[in-house]
Amino acid sequence: MPRTTFEELLNAGVHFGHLKRKWNPNMAPYIFMERNGIHIIDLQKTIVKLDEAAAAMKQIAKSGRKILFVATKKQAKDIVSERVKQINMPYVTERWPGGMLTNFPTIRKAVKKMASIDKMATDGTFSTLSKRERLQITRQRAKLEKNLGSIADLTRLPAALFVVDVGKEYIAVRESIRLSIPVFAMVDTNSDPNIVDFPVPANDDASKSISLIINVVCTAIEEGLNERKLEKEKEVSLKEKKGEMKEELEEEPEEVEEEGEFEEEEADEEIAEEDYEESSEKLVEEIIEIKKTTARKTISKKSDEV
């Protein structure tokens, strides 16, 4: 079942492309027609490509890796930052820092610098600095937060990139191609779909169109994260069950030993009872013999007296 409908895409204006004179010939397979000098995108192909991209992103999220969202366009900034925050994924909505992927260790140093400034504020180092130094550091912190605050949790290179406009974010796309990082992108009629791995033909200028596509993609990522969470819970429960089984198996030999001891005790009791019966029989026989001997003695005494 598709993640979105033809009507939803039509209402969001996903089908509107650029002027005919601005088109990229590589987008020809995704163009339905031309109306009043404007190209119309084939929404049936958009649905298919969007489902493919969503399925791939779901698998990436399920594997526990990060997907970096890149959208520095004015129309897309707020939409991407608000929606992507909800799924706890990194994003870049300000200027793309050159070499962010190809020179990732340097970017990480800048993020660590931001963390060290925060530590200075908490451990009281700020109070030892002059007013001018404090002002410079706070300004530096604000600048770093603006450009790199959204990627503070990105400790290693992302598993994939999602780009809103391939033409505008060409530096990010080039860096990801160099590092063989898969690229998902909203591709308009003026862009080249061949440079990205998962193109989604759509209007990348209208805020409604961007919002719809981003929402579909983020929903797929959420599904992947939830499935990963469930799998982890199952693994924990299985481990607990295995631990309980081991404990039971360890306890079973003790129970067998106890049963053996109990059987030995029963056998000893049976032997003791048999010994007691034998001894009692002997005792009875001895008593009978004693009575017989006493009777004989009395008879012999009486005969002597007579």
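The values are calculated or read from the model by the stated rules, or taken from the named source; none is laboratory data. As the structure is a computational prediction, the values presented were derived from the model and not from experiment. All Cβ positions, glycine included, derive from the backbone under ideal geometry; neighbour counts span all protein chains shown. Each accessible area value is taken on the protein alone, full model and side chains, heavy atoms only, with ligands, DNA and RNA left out. Shrake-Rupley method; radii C 1.70, N 1.55, O 1.52, S 1.80 Å.
Okay, here's what the table says:
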{"quantity": "Label point distance in nm, Ser180-Arg228, each placed 7 Å from Cα along Cα→Cβ", "calculated": "2.2"}
{"quantity": "Sequence of Glu227, Glu244 when ordered by accessible area, the most exposed leading, probe 1.4 angstrom", "calculated": "Glu244, Glu227"}
{"quantity": "Exposure of Arg134 as accessible area (Å², to 10), given a probe of 1.4 Å and all protein chains", "calculated": "80"}
{"quantity": "For Met33, solvent-accessible area (1.4 Å; no DNA, RNA or ligand), Å²", "calculated": "70"}
{"quantity": "Nonlocal amide H pairs with Thr189, under 5 Å, H built at 1.01 Å", "calculated": "His18"}
{"quantity": "Rounded to the nearest 10 Å², the accessible area of Met245 at probe 1.4 Å", "calculated": "110"}
{"quantity": "Other-chain or far-sequence residues with amide H under 5 Å of Val92's (modelled H)", "calculated": "Phe69, Val70, Ala71"}
{"quantity": "Rounded FRET efficiency, nearest 0.05, which uses the C-beta distance separating Val236 from Ser116 and R0 of 35 Å", "calculated": "0.45"}
{"quantity": "Solvent exposure, largest accessible area first (probe 1.4 Å, DNA, RNA and ligands not counted), of Leu238, Leu148", "calculated": "Leu238, Leu148"}
